[in-house]
Structures are given as structure tokens and as C-alpha cells.
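Working notes, structure below.
The values are calculated or read from the model by the stated rules, or taken from the named source; none is laboratory data. All values reported here derive from a predicted model rather than from experimental measurement. Here the Cβ is made from the backbone with ideal geometry for all residues, glycine too, and neighbour counts use every protein chain on show. These area figures cover heavy atoms from the full protein model, side chains too; ligands, DNA and RNA do not enter into them. Shrake-Rupley method; radii C 1.70, N 1.55, O 1.52, S 1.80 Å.
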Amino acid sequence: MSSSFRASAEALSERIKVSFEFFPPKNGDMEGQLWDSITRLAPFQPDFVSVTYGAGGSTKEPTLNTITRISRETTLAPAAHLTCVGSDKVSVDAVAREFQAVGVKHFVALRGDSPDGVGAAYKPHPQGYANGAELVAGLRNISDFEVSVSAYPERHPESPDFATDIDMLKRKVDAGATRAITQFFFDNDVYERYVERARRAGIYIPIVPGILPIHNFAQVARFSKLCGASVPDWLARRFDGLEKDAETRALVAAALAAEQVNDLVERGIDDFHFYTMNRAQLVYAICHMLGLRGDETTAVGAAA
Ligand code: FAD
């Protein structure tokens with residue numbers, strides 16, 4: 001390895017920022033897996049770690065418990081996802097205050113999906129926040145929270161066109177959002193075109209790419225259809241025939257995600273949000289390849 005390459009890799013790791021997304025556990029085994037993952041990834045000193053929220057409040061307690069434990073037992077900055085589907089404004093505000101009471105200063109504000117499932121027609125609660133933008137405004141009325149929002153490089157399935165989609169992102173920014181995190185995507189050109197569209201519309205907040213390492217290709221392909229993310233043929237080909245070979249699938253998945261992230265770095269991107277699926281191994285490998293090295297003083301337990 002040449003010394004100039006080593007020097008540039010070191011400089012790169014200094015400017016790379018990462019954040020990790022987890023989901024709240026449903027049982028003791030899942031809780032163990034979640035905390036193994038948090039413990040393994042914590043030394044990378046993520047900008048923040050976020051915990052998802054079941055639309056309609058279905059995971060309120062486990063999300064709150066996970067956030068509370070992160071606040072108490074680690075030095076990580078927690079971000080709570082919050083949705084407004086199926087609830088009136090007063091109830092959503094009350095949940096936000098509960099999160100605030102356990103130390104949350106950062107929300108990922110989302111409308112959420114219809115209780116009938118992703119893709120079913122969405123009906124706002126008559127006394128509720130109708131969409132992500134209204135929720136952002138509601139949160140900012142409570143406190144000067146940091147608020148991240150969603151962005152859809154291939155547009156949200158309910159958006160009739162890109163203009164409508166970008167307009168919603170603009171409304172969320174105007175309401176006080178300070179960062180957008182994208183739905184996962186596999187074609188970096190799609191992301192780049194979306195960011196260009198947003199910039200042309202006067203949106204200047206960071207639009208952080210959401211990176212999904214593929215643990216289970218069949219599952220990702222199914223979910224992609226529902227949420228409007230496309231799966232390129234070349235990607236399907238890479239997993240073709242590996243259905244019974246978990247070890248090789250993991251190697252292919254790590255190589256693919258590293259390829260995607262490295263290409264984004266070459267395009268000037270230095271902030272990444274990882275959908276961890278509560279599994280650390282692939283994300284750990286990608287962060288390592290990005291040049292990040294763990295700082296063990298950030299280990300879980302440091303704040304206990
Ligand atoms: P909004 O920003 O309000 O709207 C999304 C898009 O839909 C807009 O671009 C808009 O153009 C279009 N749209 C909305 N309403 C209409 C309408 N009436 N007519 C036409 N177009 C419309 N879900 C969860 O349940 N829990 C989570 O923790 C969670 N975390 C997420 C994190 C990220 C980073 C992302 C990208 C998504 C997450 N989701 C989560 C999924 C999200 O709730 C769904 O994608 C949901 O369908 C839209 O929520 P939103 O906040 O993006 O909606």
C-alpha cells in the first residue's frame with residue numbers, strides 16, 4: 001500500500017460520519033441481539049443511534065425502554081423515531097414529552113403507514129398531525145429538538161410525481177427539519193439525481209443516504225416492492241443461487257454495501273445512516289473498510 005493511499009484513507013476516516021438505526025426488541029432473545037449489536041458498533045462513535053417506532057404506537061414501550069437504556073448505559077446520542085398515524089396531536093405530544101424526559105433531544109419524525117399495511121391508503125386522524133411536516137412543526141413547538149425526516153430517492157409510493165414528493169420534503173424543512181435520511185436504495189445515480197432535484201427546489205439540509213446491508217435478499221426484494229425502492233437486476237444476479245449458502249451471502253452482502261458506500265464517498269458523500277436490522281457484523285465490516293476504527297472508551301457501560 002502506498003503511503004499516499006494510507007494518508008488519504010486516514011484523512012477520509014476523519015471526515016466520515018455514521019449513524020445506526022435499530023428496532024426495539026420483542027422478547028429477551030431479541031433484546032440480547034440488539035445489545036450485542038449496539039455494544040459492537042458503539043466504539044465507532046456514531047453521530048447518533050436511532051430506534052424505530054411502530055406506526056400507531058405499537059412499540060411505544062419497547063422503543064422508550066431501549067432509548068432509556070441507551071441514555072443511561074452508554075455515551076451514545078439517542079434519536080427516537082416517532083410516528084403520528086392513528087393518534088391525535090395531544091397523545092403524540094405526550095409521547096414526545098415522555099421521550100424528552102428520558103433524555104431525547106433528537107427525533108426522527110414520520111407520518112407512518114396505514115394500519116392496514118404499507119401501501120394501503122393513509123387516513124390521518126381527524127385531530128392528528130396529517131403528515132410528516134405537521135409532526136415536525138408540532139415537535140418544534142414543544143422544544144428546540146433536532147428533527148430528522150424521511151426522504152425518498154425513488155419517491156414515496158403515494159407521491160404521484162417527484163414534484164409532490166420534493167414539495168413534502170420542502171414542507172418538512174420549512175417546519176424545522178434539520179436532516180433528511182433516505183429510504184434505502186441500491187443505485188447511487190438515483191440518490192444523486194434526487195439530491196440534485198432537492199437542491200434545485202431550495203432544500204439545503206443534509207440528505208443522508210440510508211444504507212441497507214442485505215442480510216436476506218428475498219426479504220429485501222419483497223419489502224422493496226412495498227416501499228417503492230427498486231432492486232436492479234444486477235443486484236439480484238449477485239445473490240442468485242446462494243439461497244442455501246448463508247456464509248457466501250454474507251460475504252457478497254458486505255462486498256456490495258462496501259462497493260456502494262465507497263462509490264458514494266467518491267461522489268463526495270461522507271455521512272451515512274445504516275439500517276442495521278439489529279445485526280452488527282455487516283455494518284461493522286463496512287465501517288471498518290471505510291477506515292473507521294473503534295474507540296473503546298465509547299464502549300457500552302462507559303456512562304453507567
Ligand atoms: P410524509 O413525509 O408525510 O410523506 C411521505 C411522502 O408521501 C411525501 O413525499 C408525499 O409526497 C407523499 N404523500 C403523503 N401523503 C400524501 C397524500 N395524501 N397525497 C399524495 N402524496 C402524499 N415507519 C414507521 O412506522 N416507524 C419508523 O420508525 C419508521 N422509520 C423510518 C425511517 C426512515 C429514514 C424512513 C425513510 C422511513 C421510515 N418509516 C418508518 C416509514 C414511513 O413511516 C413510511 O414511509 C410512511 O409511508 C411515510 O411516512 P413519512 O414520514 O415519510 O411521510
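Annotations
- Tally of residues being in contact (Cβ under 8 Å) with a residue 40 or more places away in the chain, open to solvent by 10 Å² or more (accessible area, probe 1.4 Å) and of a type outside the set (A, V, I, L, M) across segment 256-280: 7
- Scan of segment 45-64 for residues that are touching a strand residue (DSSP E or B) at 6+ places or on another chain (Cβ under 6 Å) and either modelled with pLDDT of 95 or more or among the aromatic types (Phe, Trp, Tyr) (or both), ordered by number: 46, 47, 48, 49, 50, 51, 52, 53, 63
- Any hit, segment 120-137, residues being within 11 Å of the ligand (Cβ to nearest atom), touching a residue at least 24 places away in the same chain (Cβ under 8 Å), touching a helix residue (DSSP H, G or I) at 6+ places or on another chain (Cβ under 6 Å) and not hydrophobic (A, V, I, L, M, F, W, C): yes
- Selection of segment 157-190 for residues being within 7 Å of the ligand (Cβ to nearest atom) and either open to solvent by less than 30 Å² (accessible area, probe 1.4 Å) or assigned to a strand (DSSP E or B) (or both) yields 159, 165, 169, 172, 181, 182.
- Selection within segment 46-70 - of a type in the set (Ser, Thr, Tyr), assigned to a loop (DSSP other than H, G, I, E, B) and either more than 12 Å from the ligand (Cβ to nearest atom) or open to solvent by 40 Å² or more (accessible area, probe 1.4 Å) (or both): 58
- Residue pairs whose Cβ atoms lie under 7 Å apart, sitting 6 or more positions apart in sequence or on different chains, and linking a residue in segment 164-180 that is under 20 Å from residue 19 (Cα atoms) to a partner that is among the acidic types (Asp, Glu), are 178/146.
- In segment 119-132 there is no residue that is of a type in the set (D, E, K, R) and not in a loop (DSSP other than H, G, I, E, B).
- Residue check for residue 225: assigned to a helix (DSSP H, G or I), open to solvent by less than 70 Å² (accessible area, probe 1.4 Å) and of a type in the set (Lys, Arg): no
- Of all residues in segment 101-119 being of a type in the set (Gly, Ala, Ser) and within 10 Å of the ligand (Cβ to nearest atom), the one that is nearest to residue 19 (Cα to Cα): 109
- Those residues of segment 104-139 which are farther than 12 Å from residue 84 by Cα and touching a strand residue (DSSP E or B) at 6+ places or on another chain (Cβ under 7 Å), in sequence order: 104, 105, 106, 107
- Residue that is under 16 Å from residue 183 (Cβ atoms), open to solvent by 20 Å² or more (accessible area, probe 1.4 Å) and among the charged types (D, E, K, R), where the choices are 154, 134: 154
- Restricting 85, 104 to those that are within 22 Å of residue 274 (Cβ to Cβ) and not in a helix (DSSP H, G or I) reduces the list to 104.
- Segment 228-248 - residue that is in a loop (DSSP other than H, G, I, E, B) and more than 19 Å from the chain's Cα centre (by Cα) and, of those, nearest to residue 273 (Cα to Cα): 232
- Of all residue pairs spaced 6 or more apart or on separate chains, those with beta-carbon atoms under 9 Å, a first member in segment 197-209 that is in contact (Cβ under 8 Å) with a residue 12 or more places away in the chain and a second member that is in a strand (DSSP E or B) and open to solvent by 30 Å² or more (accessible area, probe 1.4 Å) are 208/17.
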